[in-house]
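Worksheet for the structure shown next.
The values are calculated or read from the model by the stated rules, or taken from the named source; none is laboratory data. Predicted model, so just to flag it, every value in this text is computed and none were measured. Neighbour counts run over all protein chains shown; Cβ positions are idealised from the backbone, glycine included.
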Amino acid sequence: MRSGISVDARLTNVSNVDYINVMNVEQMNEALARGRLDIPGLFPRLEALQDAPARFRVELGLDPLPEEPGVILIRGARQYGKSTWMEGAIHETVREHGPGSAFLIDGDYIRDADHLTNEVSRLAGAFSAKAGARRLFIDEITAVADWERGLKRVLDRGELRRVLVVTTGSRATDLRRGSERLPGRKGRLARTNYLFPPISYAEFLRAGGDALGKSACSSYLISGGSPLAMGELIRTRRVPEWTVETVRDWIHGECASSGRSHRALVSVMEQLHRHGGAPLGQTKLARQAGLANNTVAAGWIEMLSDLLCVGTSLAWDSDKAVEIPRRPAKFHFVNLLAAAVWSPDAPRTAADFDGLPSERKGIWQEWAVAQELFRRAAIRGDPAPERMPHWRGREHEIDFVLGADEYLEVKLGRATALEFGWFLKSFPKGRLTVICRTPFEADRLRGITLKSFLLGT
């Protein structure tokens, strides 16, 4: 598959049921078997792109799709373009490898693991003998309870030995567990686990965000890199409430399915905003959020991490070059759209964001850096991109430890090299980058703007 498959920037808030009414999955697979890519309604998300004012390319680290068999697991937040990407991948597969080279299963319409086993087995025998590659796409596989057991059965029977299975899902914990339960069954692919990351700031500008002028960066921050939110910001200069409700309903639904209460969710989000940028122990989080104990608090952080909304920044021991789990951690939002949805300030426009108090804007800027670090780590394939430690001494602290000798500090306003003379003494081999309003260059110290950091310059 060639790079540059676009993600719809103007999809309205429609459910999968609306798409099924255009063409159900069985009809779609029949068309794919015949190689009829020109049938209206076959790729509704791709068709919607034709009238979209902005299109965003996905940077996933999965380009091109391998032709050899195996199992690929892709996980990512809802409404970030996974299904649209999959439609593009199916289209490219059939266009390149011919009729009967790709089929689709929609996990939202699979009853259970047994149903999944039957559908996978049925389609495994339907590929064309002339197909140059065979690819089975399973969208939202984590909607199927115990999906890994259903897939494992077909893999163990050898029915998929010539097929590349590409799955997507929104529940990171299920995909992690599924990966662990498929040892030796994912083929010989160089990499099998992928995160669907936010769209980059550079891509936002390329797709039309530069028309926002000075408000482009603020607009990007409240969008969280979501193609839906970014498209609406380019078109109307505002994140619409239906986008907000979509994200809120998704998190509420995951909360309810795990037996957690709505009240506790609201309390936890309030505390994460209140203590943003500062270390927060789980005992303190439990007490201030009204949770039963620190174990419950840890469970909430784990759930929000699995939903790819919150990252954990543990304290860093610079002498031993290890994290210190027993100390209070920082909890950064790595999905700024989720942060905006649950923010007491409720920023929906660039003007809303620019009007925030300096303290709040400083927290958002630190979260923006965390989201970008998460995005880059996800594309690289780091095993735990949501982990980004910080260093804290008696008199000073550094927001992000990037490696044994690489550090990153975030300041909202002006900064100079003179302010960080202590760093050169404390870290004789260390290099510090300061994100601030006033760029500078000195020995092992440099200052860059947030825009430069987001653009990777």
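Numbers for the structure displayed
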{"item": "Given (1) within 30 Å of residue 195 (Cα to Cα); (2) part of a loop (DSSP other than H, G, I, E, B); (3) of a type in the set (Gly, Ala, Ser); (4) over 18 Å from the mean Cα position of the chain (by Cα), index of the condition residue 413 fails", "result": "(1)"}
{"item": "Some residue of segment 74-95 being of a type in the set (Phe, Trp, Tyr) and either without any contact (Cβ under 8 Å) to a residue 24 or more places away in the chain or under 28 Å from residue 380 (Cα atoms) (or both)", "result": "yes"}
{"item": "Top-ranked residue in segment 70-128 [being among the polar types (S, T, N, Q) and either within 20 Å of the chain's Cα centre (by Cα) or buried (at least 19 other Cβ atoms within 10 Å of the Cβ) (or both); ranked as modelled with the lowest pLDDT]", "result": "79"}
{"item": "Test for residue 403: is it within 24 Å of residue 273 (Cβ to Cβ) and either small (Gly, Ala, Ser) or assigned to a helix (DSSP H, G or I) (or both)", "result": "no"}
{"item": "Scan of segment 321-355 for residues that are part of a loop (DSSP other than H, G, I, E, B), out of contact with any helix residue (DSSP H, G or I) (no Cβ under 9 Å at 6 or more places or on another chain) and without any contact (Cβ under 8 Å) to a residue 12 or more places away in the chain, ordered by number", "result": "325, 326, 355"}
{"item": "Some residue of segment 336-352 being more than 19 Å from residue 80 (Cα to Cα), touching a Pro at 6+ places or on another chain (Cβ under 9 Å) and buried (at least 18 other Cβ atoms within 10 Å of the Cβ)", "result": "no"}
{"item": "Pair list, Cβ under 8 Å, 6 or more apart: segment 146-174 residue closer than 29 Å to residue 307 by Cβ and of a type in the set (Gly, Ala, Ser), other residue modelled with pLDDT of 95 or more and surrounded by 21 or more Cβ atoms within 10 Å (Cβ to Cβ)", "result": "150/116; 150/120"}
{"item": "Checking residue 356 against (1) within 30 Å of residue 245 (Cβ to Cβ); (2) within 21 Å of the chain's Cα centre (by Cα); (3) hydrophobic (A, V, I, L, M, F, W, C); (4) surrounded by fewer than 18 Cβ atoms within 10 Å (Cβ to Cβ), the condition it does not meet", "result": "(2)"}
{"item": "Test: residue in segment 228-240 that is closer than 21 Å to residue 61 by Cβ, assigned by TED's automatic domain parsing to the domain that holds residue 366 and touching a strand residue (DSSP E or B) at 6+ places or on another chain (Cβ under 9 Å)", "result": "yes"}
{"item": "Test for residue 298: is it under 16 Å from the mean Cα position of the chain (by Cα) and among the small types (Gly, Ala, Ser)", "result": "no"}
{"item": "Scope segment 134-145; condition at pLDDT below 95 and surrounded by 15 or more Cβ atoms within 10 Å (Cβ to Cβ); matching residues", "result": "139, 140, 141, 142, 143, 144"}
{"item": "Sole exception among (1) modelled with pLDDT of 95 or more; (2) surrounded by fewer than 21 Cβ atoms within 10 Å (Cβ to Cβ); (3) more than 26 Å from residue 397 (Cβ to Cβ) for residue 284, by number", "result": "(3)"}
{"item": "Exclusive hit being small (Gly, Ala, Ser) and at pLDDT below 90, set 158, 184", "result": "184"}
